[in-house]
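What follows is a set of notes on a single structure, which appears directly below.
The values are calculated or read from the model by the stated rules, or taken from the named source; none is laboratory data. Since this is a predicted model, take the numbers as computed values, not measurements. In this analysis, Cβ positions are derived from the backbone assuming ideal geometry, glycine residues included, and neighbour counts consider all displayed protein chains. Areas reflect the complete protein model, heavy atoms only, side chains present, ligands, DNA and RNA absent. Shrake-Rupley method; radii C 1.70, N 1.55, O 1.52, S 1.80 Å.
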Amino acid sequence: MPGGVSSPVRAFKSVGGQPIVFDRVKGPYAWDVDGNRFIDYVGSWGPAICGHSHPDVTAALQEALEKGTSFGAPCELENRLASMVIDAVPSVEMVRFVNSGTEACMAVLRLMRAFTGRDKVIKFEGCYHGHADMFLVKAGSGVATLGLPDSPGVPRSTTANTLTAPYNDLEAVKELFAENPDAISGVILEPVVGNAGFITPEPGFLEGLRELTKENGALLVFDEVMTGFRISYGGAQERFGVTPDLTTMGKVIGGGLPVGAYGGKAEIMSMVAPAGPMYQAGTLSGNPLAMTAGIKTLELLSQEGTYDRLELLTNRLIEGIVDCAKSAGFEITGSSISAMFGFYLCQGPVRNFEEAKASDTERFGKLHREMLNRGVYLAPSAFEAGFTSLAHSDDDIDATIQAFRDSFEAIK
Ligand code: HOZ
């Protein structure tokens, strides 16, 4: 396997040392093959919001397994999950299930172009929308973590239509629209950025994008692969009260199984085959296992008080981290919303990827190692958000903050 892994960020290349090889996960914990236990803040990069291997999800999966793993034909479970997504996410009137966030973003871009008849798209520096060719321009996640220039193998003719702007910079977006009249199909973004560390939208940014896209006959697309059902039950669009035209999802809606989805206004989604002419397909799409895990996970999340608990817990964690760093004399800026958090080892504010790059990544690597030695598993990258879950207890948070306190002291 290239680099010994199935996905680049896992390889510990930016933090040093060897990746941990895991044996099993349960609740807020992950155990490696040597039997060491870690409090886990990666959460499978987002899906594990109810905690790993939640007993209700596991039981539902066992039952579904008996009925078969893939029908390659419609199953009733797809209708149930589709209804739940449509009820929850403000922009979604129709939804198509796929198998990953990458697939969802790839399809949504085709749909943006099909609907508007325009080829160009605006994305933001440091935002990551999967690894399809046209999105590998100033991308976040592994591309940012490894400091790779835009990937070889991506034809220039493909990315010529991808325009970029700094996150939180409405003026830059305005200029792009002015320079490319009637040519831009839409703007796609992570409404809260989780692939360049953790960057929140400044007041008015999302609202401004909504207006600009409308004025220019372009679509607004929220990539909620990370934030969907995590920032709130209805995603970032519900939390911030800004409704995009289209939305991509993944992670939480698959409850730990491979899944992705894209949805939005019926008028636009009706372009997708076989309702319309825009082609997109998938053998395992909507398979009963992924649908089952998604349904159970959303049922658990829809219970009273879920997001209040996640918010409080995660706030306490980030406040603790910031306090530990400052006590040890480090510059730090950190924030959280609901069950997502992040910090940069630099003076804030961090409003875009350029500012995020000021973070001391070498020091982050040392911190990461010290935290591992104290039984806490953080994303092995200074440019990935952290994820909490309903399974993290107050004691887990206390133990994590203590580990941060000791680790910051150790790397002074
Ligand atoms: N794209 C994921 C995080 N942003 C990484 C997935 C993985 O390495 O598993």
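The table that follows gives values for the structure above.
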quantity: Test: residue in region 101-109 that is away from the ligand (no atom under 16 Å from the Cβ), modelled with pLDDT of 95 or more and of a type outside the set (Val, Ile, Thr); calculated: yes
quantity: Subset of region 175-213 that is among the polar types (S, T, N, Q) and closer than 20 Å to THR162 by Cα - its residue that is surrounded by the most Cβ atoms within 10 Å (Cβ to Cβ); calculated: ASN195
quantity: Residue within region 347-361 that is in contact with a Ser or Thr (Cβ under 9 Å, 6 or more places away or on another chain) and within 15 Å of PHE404 (Cα to Cα) present; calculated: no
quantity: Test: residue in region 361-371 that is small (Gly, Ala, Ser), within 16 Å of the ligand (Cβ to nearest atom) and in contact (Cβ under 8 Å) with a residue 24 or more places away in the chain; calculated: no
quantity: Residues of region 121-140 that turn out to be surrounded by fewer than 20 Cβ atoms within 10 Å (Cβ to Cβ) and more than 13 Å from the ligand (Cβ to nearest atom), as a count; calculated: 1
quantity: Among (1) within 16 Å of the ligand (Cβ to nearest atom); (2) surrounded by fewer than 21 Cβ atoms within 10 Å (Cβ to Cβ) - the single one GLU76 does not satisfy; calculated: (1)
quantity: Where ALA328 falls short, out of the listed (1) in contact with a Leu (Cβ under 9 Å, 6 or more places away or on another chain); (2) open to solvent by less than 20 Å² (accessible area, probe 1.4 Å); calculated: (1)
quantity: Filter result (among the small types (Gly, Ala, Ser) and either closer than 12 Å to VAL25 by Cα or under 26 Å from the mean Cα position of the chain (by Cα) (or both)) within region 47-69; calculated: ALA48, GLY51, SER53, ALA60
quantity: Residue in region 3-22 that is farthest from ALA379 (Cα to Cα), counting only those that are within 13 Å of the ligand (Cβ to nearest atom) and open to solvent by 80 Å² or more (accessible area, probe 1.4 Å); calculated: SER6
quantity: Long-range neighbours under 9 Å by Cβ, at least six apart or interchain, first residue free of Cβ contacts under 8 Å to residues at least 12 places away in the same chain within region 238-258, second open to solvent by 50 Å² or more (accessible area, probe 1.4 Å); calculated: GLY241/PRO90; GLY241/GLU207
quantity: Residue match in region 330-344 (condition: within 16 Å of the ligand (Cβ to nearest atom) and over 28 Å from PRO166 (Cα atoms)); calculated: no
quantity: Condition check for GLY276: small (Gly, Ala, Ser), at pLDDT 95 or above and out of contact with any Ser or Thr (no Cβ under 9 Å at 6 or more places or on another chain); calculated: no
quantity: Enumeration of residues in region 23-60 that are open to solvent by 40 Å² or more (accessible area, probe 1.4 Å) and within 12 Å of the ligand (Cβ to nearest atom); calculated: SER44, TRP45
quantity: Selection from region 141-162 of residues that are open to solvent by less than 70 Å² (accessible area, probe 1.4 Å) and outside any helix (DSSP H, G or I); calculated: SER141, LEU146, GLY147, SER151, VAL154, PRO155, ALA160, ASN161, THR162
quantity: Members of region 107-138 that are out of contact with any strand residue (DSSP E or B) (no Cβ under 6 Å at 6 or more places or on another chain), farther than 18 Å from TYR167 by Cβ and in a loop (DSSP other than H, G, I, E, B); calculated: GLY117, ASP119, HIS131, ALA132
quantity: Residue within region 238-249 that is open to solvent by less than 20 Å² (accessible area, probe 1.4 Å) and within 16 Å of the ligand (Cβ to nearest atom) present; calculated: yes
quantity: Qualifying helices (runs of 4 or more DSSP H) (wholly inside region 232-304; at least 1 residues being over 27 Å from VAL193 (Cα atoms)); calculated: 266-269, 288-301
